[in-house]
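Okay, so here's the structure we're looking at.
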């Protein structure tokens, strides 16, 4: 039988850490910063999740931190899938590394608030944000303006 962590979702919607906030909200560049733009015609196709995972592998390999690729791929898969299902499609995936943290940021076409579901053990869907919460030290979202939002998650490396 599978059990799930039922911690309260206190960090959802919180402001990103200072280093990430300065990049996402203030437009500063990150030292290790890689961006993958999704093509508008394929942003709603399931294949874009596999493309995002491949981008994670290539980027983390070039940064020399491939040992974190599995967790990062899982987090990115969930974020991109949520963007496809609930956000009108993924616009871009951004990976940022700062000291011992790796941020995965997915921009989508919606300002709707991501909400962790109360899916039971037998549900087919609805555990993605709970999985992200379990793998990441923190996560949340920002709406920097316009009709888009950025959902971010930070893995401790």
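Summary table below
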item	result
Förster radius 22 Å - calculated FRET efficiency between residue 86 and residue 131, Cβ distance, rounded to 0.05	0.90
Distance-filtered residues of the range 127-157 - backbone nitrogen under 11 Å, label point 7 angstrom along residue 63 Cα→Cβ	154-157
Alpha-carbon spread of the range 17-63, three principal axes, descending order, Å	33, 25, 15
Which of 133, 108 has the fewest Cβ neighbours within 10 Å, and the rest in rising order	133, 108
All-pairs Cα distance distribution in the range 35-156, expressed in whole percent, bin size 10 Å	14, 48, 33, 6
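Where a number appears in this text, it was derived from the coordinates with a stated rule and is not lab data. Worth saying up front: this structure is predicted, and the values here are computed from it rather than measured. Note that each Cβ is placed from the backbone with ideal geometry, even for glycine, and that neighbours are counted across all protein chains shown.
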